[in-house]
Amino acid sequence: MASPVPIVSCAPAVSPAVCGRRDHAYREGNQVADTLCHEAYKTPLTARLRTAGSAMVPFPVWEKLEDDRCGVVHQRLWPQQHHHGQKSSTSNPAAAGYFLPRTVLTWLAAACLSLALLHLLCCSPRGAYQAAVFSPLLQYFNGTYSSYTSSGNREAGGEVAAGGVENSSCDYSQGKWVWAPGHARRYNGTACNVKPEQDCLRNGRPETGYLDWRWQPASCSLPPFDAAAFLDAARGKHVAFVGDSMARNQAESLLCLLGASFPYDLVDHDAEGHYKRQFTRWAFPSHGVTLSTYWAPYLVRARGKPYNYSEPHNLVYLDELGDRWDADAGGMDVVVLTAGHWFWNPAVYHRNNEVVGVHATPELNKTEIGFTSPYREAFRRALERLASDGRRRTVVLGTFAPPHFEGKPIFDPTACTKTEPYKEGEKELGSIEKEMRTILFEEAAAAAERDVAGGGVMRLEVQDVTRLASMRPDGHPGPYMHRDPFAHGVPERMQVDCLHSCLPGPVDTFNEILLQILSRQRIFHFGYSNKNKSPSLHHTAMAAEAEAEAAEQSRSFFPNKLVTVSCALSALFTLSLIYFYSPPLIISSANLLTKFQPRGRTTNPPTRPVQAVWKQCDYSDGKWVWDDANGGDSGPRYDSENCDMKMTYKCVINGKPDGGYLHWRWKPSGCNLPALDPSAFLRLVRGKRLAFVGDSTARNQAEALVCHLATAARPVTVVRDEERLGRKFWRWSFPAPHDVNISTYWSPFLVRSEGHSEDYGMEHEVVILDAFTEPWTADLDAMDVMVISAGHWFPHKAIYYENGEIVGVHNHPELNRTEMSGVSVYRKVMQRTLEHVNAAVSNTDKDKLVVVETIAPAHFDSKYSWNHRDACSRPKPFGDGETEIASTEAELRKIVVEEVAVAEARRRRRGLRFEVLDVTRLAAMRPDAHPGVYIFKHAYAGGPVPETAPNDCLHWCAPGPVDTTEPIQ
């Protein structure tokens, strides 16, 4: 008779009557199972709080806990002994209890794979061999466990499933329009009561080829619209389109696509006032689906021109949402937000019922803030509202669909008469359209992250239609917004519509993509990371049902799934190890900006072999040396004549004699400073927004940087300030593949100021110490790199205010007020500026580098008056010991160093960094490189310079020493 089997239970068994008994055993020598058995009872409450198979508690522990709860007794089996105490009848080690559990085998397989990959990476040269191995792994992992997206960078093919739903991930944003006769001839616009101005066939448009094209994504297929599939996906839900007339255009397209197959009822509509279709609601009783449109061209509350074209401009209240849609938001299940075109129009922006800025309304004499920051704020406020009530819903952000007036006025009957789509390469997106698209992705990513932190109740999607819409100039009503517009000949003046889509027309494709968004079922949803501008995965509560189903199925196939995930993660982990312990690439043109890159990853992969390990360098101390790399004749680094910079800085064009000021380079004492590589700089800051904030020295540096980068890529001037004291706000854009914006913000005191800095006719400055200038603070969230350069205006005569009262003056003894030195005010302003940035940025997840530049001294020779022709006529730099930094400049420099150190110590978020760009000494040694009297083009070409002439001994010639600050960055 077999010896009795020792029974070992790691917990008291409950009554077998509670649950059905099951056989479960762990084997002698299996330390993993033994440990799991005991851990299952050490933390029973923790185990009960998780979903089966999650990372909190391993699945075997959960299974063991369930067994114990159901009264299953765990037995320790001696070798070669059956669990009933009978000797095994087979010699198979598995039957005898010697085989390893599937979980152990899983992890052993993952470990072996990791070792193999480590060997491959360490013992093989870099190159195509590794790419050939890892690329399929990553593609398989992405294709299996990532989500669909209407805009991403994954390449995937896929078969079309029944119901018109794509089976695998697809990037619908990239592709081309292909000829497909009859593709868009799916409904009668007149029968479904579309807006008459968009019913092109009814209005007599003779050319109908615009109905015979379909969108072909680059790496997959986009199925035709399936009304039944859409209504099934939206069954019992309220689908709402909120925004401008482009939202209504898409909503009416959807109504017609659905109405061609299923009956619907007009439930409610608002036809009051001059503008109709501000609110409309339809119902599809067969599926319990409600479809609504809400007119909210700014998403936030607006008055004036949106409701009465006779008004001169728009009144926009950024802190209040549109009344109607805000009130109904609690009952919306699917919300499509589409807005943008109205933001281009002149507007007055309000917060707390006070004007905070304007756009394109110079006659109001208010601060110009543009429209991109209000555009960002409006979407952010709308997303916060939709996330605030805890309702599970899907929110879809529609990117900007560009119009096609092509430079012609809105009353030109020959506008948008093209009859075919643009082909690949024929049409490039404008920089503003790109920026608006980027803003939507960034705000969607931020909202998704906030939602995950709050429990995950909202699914965020981006319907990226910017490119496909930009390629359809043929799909607008044009003059056929009118009935038979040319029945009596071609008029000289006629309003045309080159903005909306004909119905039917290209906008139907938007709804084909929307169907794919709503139909997909998955455990994860697509988000957009504002750090690396690429798709990312976020877990959401919207997938609770799918997750529960996956948990039920995991008992049967979990080991296989775990093997796949473990292998993929092992591969990625091994890659990370190699990446972290490989020497970094030196980017000689941007050592300081290298600190801005998130650790452990880079936006741009290395393109050159690694030369050496980067080391810290103190660029503030050194000397100017003659640059004899080309025989002492290195010459200018770029042509200032064709640069978009202030004319007074173009010394070469203005006739300044070249005494050698272009041929010196800065040599730090303990290292080397390579020249700026424009291509490398653009790669480093790809997708970033650089902002120069401060006085004219900040602008001087920004314009020099743009000109230098223009030797590698052509910039576009996006915004230009043409006021009398111009260049207060300028923005340049380096289009794809760089997607870099560089902006300048005129703010000589950093805080709000009025007086001489705004109007040279005034004698003194009025500085409001407790209020910041609106343009740069409004755009702060959008800045990736912020360069602060200010100081030269602080010695001026000034009156200082706080809380609406005078708190002091500078150089105003006649006012009998407390004297405040410019240096002390400079410290206070710098403190408040850095505290404001720290506080504002702590509310976002966006990485930000803040660089504060020390003052660059002027060189007005004290022997002469400021307007003497020799005020700054020295022909070469100072040598060591020839000049000392004045006490005021030295104190201002010290303040920057100290306050930046305090800000860095107090920074509230890891992704925020404060740095000092110390240029005081290197700038102090260059009296030879100012424009001097050469501030006008060829002003003295015909003769000698008069003894008295306007002089600039503060700013720098460009090209010139100002270019030295660029490689330090």
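Being among the basic types (Lys, Arg), open to solvent by less than 20 Å² (accessible area, probe 1.4 Å) and in contact with a Phe, Trp or Tyr (Cβ under 9 Å, 6 or more places away or on another chain) narrows it down to one of 472, 493, so name that one. Explain how you work it out, then say what you get.
Details: 493 fails: open to solvent by less than 20 Å² (accessible area, probe 1.4 Å).
The unique qualifying residue is 472.
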**Request:** Tally the residues that are part of a loop (DSSP other than H, G, I, E, B) and either at pLDDT 85 or above or more than 15 Å from residue 692 (Cβ to Cβ) (or both), restricting the search to segment 725-739.
**Result:** 7
**Asked** Which pairs do you get when a residue that is more than 17 Å from residue 667 (Cα to Cα), found in segment 874-886, comes within reach of a residue that is open to solvent by 50 Å² or more (accessible area, probe 1.4 Å) and part of a loop (DSSP other than H, G, I, E, B), reach meaning Cβ atoms under 6 angstrom, with the pair 6+ apart or on two chains?
**Response** 875/659
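Could you grab me the full set of residues in segment 750-765 that are closer than 21 Å to residue 358 by Cβ and either buried (at least 18 other Cβ atoms within 10 Å of the Cβ) or at pLDDT 90 or above (or both)? Full working, then the answer.
Kept after step one, since they are closer than 21 Å to residue 358 by Cβ, are these residues of segment 750-765: 751-755, 757-759.
Answer for segment 750-765, where residues must be closer than 21 Å to residue 358 by Cβ and either buried (at least 18 other Cβ atoms within 10 Å of the Cβ) or at pLDDT 90 or above (or both): 751, 752, 753, 755, 757.
Pick out, from segment 254-331, the strands (runs of 3 or more DSSP E) lying fully within it that include 1 or more residues that are in contact (Cβ under 8 Å) with a residue 60 or more places away in the chain and either closer than 27 Å to residue 390 by Cα or open to solvent by less than 50 Å² (accessible area, probe 1.4 Å) (or both). Walk me through it before giving the result.
Numbers: elements: 265-270, 279-284, 289-295, 300-304, 314-321.
By residue number, 300-304, 314-321.
How about segment 190-227: which of its residues are among the hydrophobic types (A, V, I, L, M, F, W, C) and in a strand (DSSP E or B)? Outline the logic, then answer.
In the first step, residues of segment 190-227 are kept if they are among the hydrophobic types (A, V, I, L, M, F, W, C); the result is 191-192, 194, 200-201, 211, 213, 215, 218, 220, 222, 225, 227.
Once the filter is applied, which keeps residues that are among the hydrophobic types (A, V, I, L, M, F, W, C) and in a strand (DSSP E or B), segment 190-227 yields 213, 215.
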**Checking residue 373 against (1) crowded, with 21+ Cβ neighbours inside 10 Å; (2) in contact with a strand residue (DSSP E or B) (Cβ under 8 Å, 6 or more places away or on another chain); (3) not in a loop (DSSP other than H, G, I, E, B), the condition it does not meet** = (2)
**Sole exception among (1) among the β-branched types (Val, Ile, Thr); (2) in contact with a helix residue (DSSP H, G or I) (Cβ under 7 Å, 6 or more places away or on another chain); (3) open to solvent by 10 Å² or more (accessible area, probe 1.4 Å); (4) under 22 Å from residue 640 (Cβ atoms) for residue 945, by number** = (2)
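Inside segment 441-457, can you point out the residues that are more than 16 Å from residue 392 (Cβ to Cβ) and open to solvent by less than 40 Å² (accessible area, probe 1.4 Å)? Reasoning before the result, please.
Step one: of segment 441-457, the residues more than 16 Å from residue 392 (Cβ to Cβ) are 441-446, 449, 453.
Across segment 441-457, the qualifying residues are 441, 442, 443, 444, 445, 446.
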**Complete:** (1) touching a residue at least 40 places away in the same chain (Cβ under 8 Å); (2) over 19 Å from residue 373 (Cβ atoms); (3) open to solvent by 10 Å² or more (accessible area, probe 1.4 Å) all hold for residue 695 apart from (3)
**Prompt:** open to solvent by less than 20 Å² (accessible area, probe 1.4 Å) and farther than 24 Å from residue 619 by Cα, is that true of residue 857?
**Reply:** no
**Message:** With the requirement that a residue be over 18 Å from residue 387 (Cβ atoms), in contact with a Lys or Arg (Cβ under 9 Å, 6 or more places away or on another chain) and not β-branched (Val, Ile, Thr), what does segment 332-348 give you?
**Reply:** 342, 345, 346, 347
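Yes/no per residue for (1) out of contact with any Lys or Arg (no Cβ under 6 Å at 6 or more places or on another chain); (2) among the acidic types (Asp, Glu); (3) more than 26 Å from residue 519 (Cβ to Cβ):
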residue: 420; (1), (2), (3): yes, yes, yes
residue: 426; (1), (2), (3): yes, yes, yes
residue: 433; (1), (2), (3): yes, yes, yes
residue: 437; (1), (2), (3): yes, no, no
residue: 465; (1), (2), (3): yes, no, no
residue: 473; (1), (2), (3): no, no, yes
**Request:** Among the residues of segment 389-429, write down those that are surrounded by 13 or more Cβ atoms within 10 Å (Cβ to Cβ), over 23 Å from residue 251 (Cα atoms) and among the polar types (S, T, N, Q).
**Result:** 417
**Residue that is farthest from residue 503 (Cα to Cα) [pool: residues in segment 187-214 that are in contact with an Asp or Glu (Cβ under 7 Å, 6 or more places away or on another chain) and open to solvent by 20 Å² or more (accessible area, probe 1.4 Å)]** = 204
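Each row is one residue, and each column tells you yes or no for (1) open to solvent by less than 10 Å² (accessible area, probe 1.4 Å); (2) in a strand (DSSP E or B); (3) of a type in the set (A, V, I, L, M); (4) at pLDDT 90 or above.
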| residue | (1), (2), (3), (4) |
| --- | --- |
| 674 | no, no, no, no |
| 691 | yes, yes, yes, yes |
| 705 | yes, no, yes, yes |
| 723 | no, no, no, no |
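Have a look at 888, 883 and point out the one that is part of a loop (DSSP other than H, G, I, E, B) and among the β-branched types (Val, Ile, Thr).
The match here is 883.
Somewhere in segment 365-388, is a residue over 22 Å from residue 447 (Cα atoms) and among the acidic types (Asp, Glu)? Please lay out each step first, then the result.
The first filter runs over segment 365-388 and keeps only residues over 22 Å from residue 447 (Cα atoms), leaving 365-370.
After this cut, where a residue has to be among the acidic types (Asp, Glu) as well, the list is 368.
Yes: one or more hits.
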**Asked** Which one of 173, 221 is open to solvent by 30 Å² or more (accessible area, probe 1.4 Å) and at pLDDT below 95?
**Response** 221
**Message:** Restricting to segment 332-350, and then to whatever is aromatic (Phe, Trp, Tyr) and open to solvent by 20 Å² or more (accessible area, probe 1.4 Å), can you tell me which residue is modelled with the lowest pLDDT?
**Reply:** 344
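The values are calculated or read from the model by the stated rules, or taken from the named source; none is laboratory data. If you're wondering where the values come from, they're calculated on a predicted model, not measured in any experiment. Note that we place each Cβ from the backbone using ideal geometry, even for glycine, and neighbour counts take in every protein chain shown. In case anyone asks, the SASA skips ligands and DNA or RNA and just uses the protein heavy atoms, side chains included. Shrake-Rupley method; radii C 1.70, N 1.55, O 1.52, S 1.80 Å.
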